[in-house]
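Step one of this worksheet: look at the structure below.
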Amino acid sequence: MRKIFVDKISDEGVLSGDEHNHVSVVLRARVGDILTLCDGDGFDYQYEITKIDKKSTSLKLLDKIKVESEPSAKIDLFVALLKADKLEWVCQKCTELGISEIHPFMSDFVQVKRESVRPDRLNKIAKEAAQQCGRGRVPTVCEPIKFDQMLDALPRYDTVLFMYEKSGERLNDIIKAGGKKIAIIVGSEGGFSDKEAEQIIARGVRPINLGKRILRAETACVVATALAAYEAGELQ
């Protein structure tokens, strides 16, 4: 993992803390090695390591390169709260696929407490995944919101994909007719109540069916994100 996200880019960079430990201990980098730093502005910055000591790694800026790996489509995931390990897996894999934001939300059949969700840890996992796969920015994992707040957020998207096992249309038909701002809604392990499904559909959202098999919630998140990215031209 030689790409590192930082808060600020400068000609003479210095890494400390976790970033320094990653470079010096995990990567076993040496003076003269090349690292890529990124602050999410659409460019990668290549640095040469000039010094490594116990507490910091010193860098010299060599080049600035436009990031080509960041998706042009904005795809956000609204996922009902999942157990910690499953939500962490979703954040990691959806980051690799190009997700922009992840919004956990409460719903009737959620089996975990809101307080158990740790956005700080989930954002750290997203950052590590973004570095590993060469993204140009780190997706944001937001604080959990209420079901009604999720509904109120939907009008800002061109296309909303509601993953619903009971009925629905083909995903590719809806994506091709939509724009570049896409929202995906996935339920918890227990799915959605009939009332919740009716509320989502009442907002003008067309349900999507992913086939004859019922997928686990975390699997549905990744499959839906991958299909949406593909149909939006991001995986072609």
Just to be sure before I move on: is residue 15 under 30 Å from residue 189 (Cβ atoms), out of contact with any Phe, Trp or Tyr (no Cβ under 7 Å at 6 or more places or on another chain), not in a loop (DSSP other than H, G, I, E, B) and not charged (D, E, K, R) in the structure I sent? no
Looking at 231, 218, 196, 165 in this structure, which one is open to solvent by 60 Å² or more (accessible area, probe 1.4 Å) and of a type outside the set (Phe, Trp, Tyr)? 165
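Looking at the range 91-148 only, could you name the residues that are of a type in the set (S, T, N, Q) and either closer than 22 Å to residue 39 by Cβ or open to solvent by less than 50 Å² (accessible area, probe 1.4 Å) (or both)? So that I can check it myself, show each step before the final result.
Restricting attention to the range 91-148, the residues satisfying the condition of being of a type in the set (S, T, N, Q) are 92, 95, 100, 107, 111, 116, 123, 131-132, 140.
Correct list: 92, 95, 100, 107, 123, 131, 132, 140.
So which of 42, 32 ends up being closer than 20 Å to residue 139 by Cβ and surrounded by fewer than 18 Cβ atoms within 10 Å (Cβ to Cβ)? Break it down stepwise before answering.
Details: 32 fails: closer than 20 Å to residue 139 by Cβ.
One residue alone meets the criteria, 42.
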Just give me the residues in the range 91-111 being charged (D, E, K, R) and assigned to a loop (DSSP other than H, G, I, E, B), in sequence order. 108
So, residue 182, is that one of a type in the set (Val, Ile, Thr) and out of contact with any helix residue (DSSP H, G or I) (no Cβ under 6 Å at 6 or more places or on another chain) or not? no
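I'd like to know if the range 209-224 contains one or more residues that are touching a Cys at 6+ places or on another chain (Cβ under 8 Å), closer than 16 Å to residue 79 by Cβ and not basic (Lys, Arg). Before you say what the answer is, go through the steps one by one.
At the first step, the residues of the range 209-224 found to be touching a Cys at 6+ places or on another chain (Cβ under 8 Å) are 221-222.
With closer than 16 Å to residue 79 by Cβ added as a condition, the list becomes 221-222.
With the extra rule that they be not basic (Lys, Arg), the set shrinks to 221-222.
Yes; the residues of the range 209-224 include at least one that is touching a Cys at 6+ places or on another chain (Cβ under 8 Å), closer than 16 Å to residue 79 by Cβ and not basic (Lys, Arg).
Which ranges mark the helices (runs of 4 or more DSSP H) fully within the range 112-220 that have 2 or more residues being of a type in the set (Asp, Glu)?
Details: elements: 119-133, 147-153, 171-176, 194-202.
In the range 112-220, the matching helices (runs of 4 or more DSSP H) lie at 119-133, 147-153, 194-202.
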Residue count, the range 67-90, condition part of a loop (DSSP other than H, G, I, E, B) and either open to solvent by 40 Å² or more (accessible area, probe 1.4 Å) or among the basic types (Lys, Arg) (or both), comes to 5
Restricting the search to the range 136-154, which residues are of a type in the set (Gly, Ala, Ser) and farther than 30 Å from residue 64 by Cα? 153
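Residues 33, 7, 18, 39: which one is farther than 14 Å from residue 135 by Cβ and within 20 Å of the chain's Cα centre (by Cα)?
None of the other options fit; the residue is 7.
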Consider residue 188 carefully, then state whether it is over 29 Å from residue 123 (Cβ atoms) and among the hydroxyl-bearing types (Ser, Thr, Tyr). no
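The values are calculated or read from the model by the stated rules, or taken from the named source; none is laboratory data. Just so we're clear, the structure is a prediction, and the values are computed from it rather than from any experiment. Every residue, glycine among them, receives a Cβ derived from its backbone with ideal geometry; neighbour counts consider all protein chains shown. What goes into the accessible areas is simple: the full protein's heavy atoms, side chains included, and nothing from ligands, DNA or RNA. Shrake-Rupley method; radii C 1.70, N 1.55, O 1.52, S 1.80 Å.
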